[in-house]
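Engineer: Attaching a single structure in C-alpha cells format; questions to follow.
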Amino acid sequence: MRPKQWIKNLFVFAALIFAKKFFDPSSILLSLVGFFIFSIASGSVYLLNDVMDYQEDRNHPEKKFRPIAAGQLAVPVAVYASLLFGIGSATVALLINQLFGVLIILYLLLNVSYSLILKKIVILDVFSIAISFVLRVIGGAVIIVVPFSVWLLLCTFFFTLFLAVQKRSNEQFFDTRAVLYLYSPALLEQMKNSALTITIVSYTLYTFFSRHSELMVITALPVLYALFYYYAFAEKKDLSEILLKDRHLQISILLWLLLAILILIYEN
C-alpha cells in the first residue's frame, strides 16, 4: 500500500492553510481524517496497480521486490484488500460529507482507469496523475467546507504535471513499459520545462492577485528554490524519497509554510 507514498496526500492540507483554518480544531481534525481517507484510497489503488503489473514487475530491477511480484502476497488477497479499502474509504467519506465522498469515488475511478488504461496512453498518463492531485486539493477544501481558489488548482495541476513528466523522464533509463517509448527525450524535456515555467508564473500570480495579502508574494522565494533544487536532483531520487530525506527541500518547504502562516495571521 506504499505508506511512504502517502506523503503526497499532504496536498489535502492546502485548503486548511490558505483558508486560515489552521487554528480551528474541528477543521484540523477533518483535514487529518481527509488525509487518512485519501491514504487508504491510494493504498487500494497501489494494490490494484501491483496486481495488474506483477508479471512485468518481475523483470524490473527494483519493482521485482514488491510483495506481489516477489510472491510474498497472493494475488487474490491483494484483490480483496484493494476492494475492501477502496469501498471502505468511499463509504466512510460519504458518511462524513457527501461531496467529499463523491470526490473520493472520482479519485478511485480516475486511478483505476489509470491502472487499466490511461497509463498506456501518452500525455493522458501524466495528465491523469496531475488531476488526481487536484482532486486531493479540492477534497481538502470540501471536507472543511471552504471555497477553493482556481489559482491554487492551477498551481497544483502544473506543479504535479511537472513532477509526473520528470518521473517519466527518470523511468526511461530503466523501465520497459511501452508508453515510455512514445516519449522522446526532447518531448519530455519540453513538457517538463513548460510545466515548470507555468507553475512558477501561476504561483507568483496567485500570491500577488489572490484575496490574501500582497506580502504572500514573498513565499514565492522558497518555492522557487525548492522547484529549481528538485529540477537539479530529481533524476537521482523519487519524489517521496527526496521529501523524506533531503534537508534542502524539507527546510524550504518548512520556510514556505512558516512564511505563509505568519503572513496570513498578520493579514487579520
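The values are calculated or read from the model by the stated rules, or taken from the named source; none is laboratory data. Quick caveat, the model's predicted, so the values are computed rather than measured. Reconstructed Cβ throughout: ideal geometry from the backbone, glycine too, with neighbour counts over all protein chains shown.
Engineer: Of the numbered conditions (1) at pLDDT below 90; (2) closer than 19 Å to residue 157 by Cα, residue 223 fails exactly one; give the number of that condition.
Structural biologist: Unmet condition: (1).
Engineer: Can you tell which of 80, 46 is within 20 Å of residue 171 (Cα to Cα), surrounded by fewer than 22 Cβ atoms within 10 Å (Cβ to Cβ) and of a type in the set (Ser, Thr, Tyr)? Break it down stepwise before answering.
Structural biologist: Details: 80 fails: within 20 Å of residue 171 (Cα to Cα).
Just a single option satisfies the conditions, and that option is 46.
Engineer: State all residues of region 10-54 that are in contact with a Lys or Arg (Cβ under 6 Å, 6 or more places away or on another chain) and under 25 Å from residue 216 (Cα atoms); if no residue qualifies, say none.
Structural biologist: Answer for region 10-54, where residues must be in contact with a Lys or Arg (Cβ under 6 Å, 6 or more places away or on another chain) and under 25 Å from residue 216 (Cα atoms): 11, 12, 27.
Engineer: Turning to a different aspect of this structure: Considering each of 186, 141 in turn, give the residue that is among the small types (Gly, Ala, Ser), closer than 30 Å to residue 96 by Cβ and part of a helix (DSSP H, G or I). Steps first, please.
Structural biologist: Numbers: 186 fails: closer than 30 Å to residue 96 by Cβ.
That would be 141, the only listed residue that is among the small types (Gly, Ala, Ser), closer than 30 Å to residue 96 by Cβ and part of a helix (DSSP H, G or I).
Engineer: Take the conditions basic (Lys, Arg) and over 22 Å from residue 38 (Cβ atoms) and apply them to residue 66. Does it pass?
Structural biologist: Numbers: basic (Lys, Arg): yes; over 22 Å from residue 38 (Cβ atoms): no.
For residue 66, the condition - basic (Lys, Arg) and over 22 Å from residue 38 (Cβ atoms) - is not met.
Engineer: Does residue 62 satisfy being touching a helix residue (DSSP H, G or I) at 6+ places or on another chain (Cβ under 9 Å), modelled with pLDDT under 95 and within 21 Å of residue 114 (Cβ to Cβ)?
Structural biologist: no
Engineer: Is there a residue in region 20-27 that is of a type in the set (Asp, Glu), in contact with a helix residue (DSSP H, G or I) (Cβ under 9 Å, 6 or more places away or on another chain), over 24 Å from residue 108 (Cβ atoms) and modelled with pLDDT of 90 or more? Break it down stepwise before answering.
Structural biologist: Here is the first cut: in region 20-27, the ones of a type in the set (Asp, Glu) are 24.
Next cut, in contact with a helix residue (DSSP H, G or I) (Cβ under 9 Å, 6 or more places away or on another chain) only: 24.
Keeping just the survivors that are over 24 Å from residue 108 (Cβ atoms) gives 24.
Narrowing the set further to residues that are modelled with pLDDT of 90 or more leaves 24.
Yes; the residues of region 20-27 include at least one that is of a type in the set (Asp, Glu), in contact with a helix residue (DSSP H, G or I) (Cβ under 9 Å, 6 or more places away or on another chain), over 24 Å from residue 108 (Cβ atoms) and modelled with pLDDT of 90 or more.
Engineer: Here is a follow-up. Does at least one position in region 55-69 carry a residue that is basic (Lys, Arg) and either surrounded by fewer than 17 Cβ atoms within 10 Å (Cβ to Cβ) or within 19 Å of the chain's Cα centre (by Cα) (or both)?
Structural biologist: Filtering region 55-69 down to residues basic (Lys, Arg) leaves 58, 63-64, 66.
With the extra rule that they be either surrounded by fewer than 17 Cβ atoms within 10 Å (Cβ to Cβ) or within 19 Å of the chain's Cα centre (by Cα) (or both), the set shrinks to 58, 64.
Checking region 55-69: at least one residue is basic (Lys, Arg) and either surrounded by fewer than 17 Cβ atoms within 10 Å (Cβ to Cβ) or within 19 Å of the chain's Cα centre (by Cα) (or both).
Engineer: If you don't mind, another one. Got at least one residue in region 171-181 being of a type in the set (A, V, I, L, M) and not in a helix (DSSP H, G or I)?
Structural biologist: Keep residues of region 171-181 that are of a type in the set (A, V, I, L, M), which gives 178-180.
Right, trim to not in a helix (DSSP H, G or I) and you get none.
Within region 171-181 (the criterion being of a type in the set (A, V, I, L, M) and not in a helix (DSSP H, G or I)), the answer is no, since none of the residues qualifies.
Engineer: Also, I was wondering about something else. Restricting region 3-43 to residues that are among the hydroxyl-bearing types (Ser, Thr, Tyr) and within 21 Å of residue 115 (Cβ to Cβ), which is surrounded by the most Cβ atoms within 10 Å (Cβ to Cβ)? Lay out the reasoning, then the answer.
Structural biologist: Filtering region 3-43 down to residues among the hydroxyl-bearing types (Ser, Thr, Tyr) leaves 26-27, 31, 39, 42.
Next, only the ones that are within 21 Å of residue 115 (Cβ to Cβ) stay: 39, 42.
Numbers: 39: 21, 42: 25.
Checked region 3-43; the qualifying residue surrounded by the most Cβ atoms within 10 Å (Cβ to Cβ) is 42.
Engineer: Can you confirm whether region 202-213 contains a residue that is surrounded by 15 or more Cβ atoms within 10 Å (Cβ to Cβ), closer than 18 Å to residue 163 by Cα, touching a helix residue (DSSP H, G or I) at 6+ places or on another chain (Cβ under 8 Å) and hydroxyl-bearing (Ser, Thr, Tyr)? Steps first, please.
Structural biologist: Residues of region 202-213 surrounded by 15 or more Cβ atoms within 10 Å (Cβ to Cβ): 202-207, 210, 212.
Next, from what is left, pick out any that are closer than 18 Å to residue 163 by Cα: 202-203.
Pick out the ones that are also touching a helix residue (DSSP H, G or I) at 6+ places or on another chain (Cβ under 8 Å) and you get 202-203.
This time we only want the ones that are hydroxyl-bearing (Ser, Thr, Tyr), so: 202-203.
Yes, region 202-213 contains at least one residue that is surrounded by 15 or more Cβ atoms within 10 Å (Cβ to Cβ), closer than 18 Å to residue 163 by Cα, touching a helix residue (DSSP H, G or I) at 6+ places or on another chain (Cβ under 8 Å) and hydroxyl-bearing (Ser, Thr, Tyr).
Every residue, every condition in (1) closer than 16 Å to residue 17 by Cα; (2) of a type in the set (Val, Ile, Thr); (3) surrounded by fewer than 19 Cβ atoms within 10 Å (Cβ to Cβ), yes or no:
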{"site": "177", "(1), (2), (3)": "no, no, yes"}
{"site": "216", "(1), (2), (3)": "yes, no, no"}
{"site": "221", "(1), (2), (3)": "no, no, yes"}
{"site": "259", "(1), (2), (3)": "yes, no, yes"}
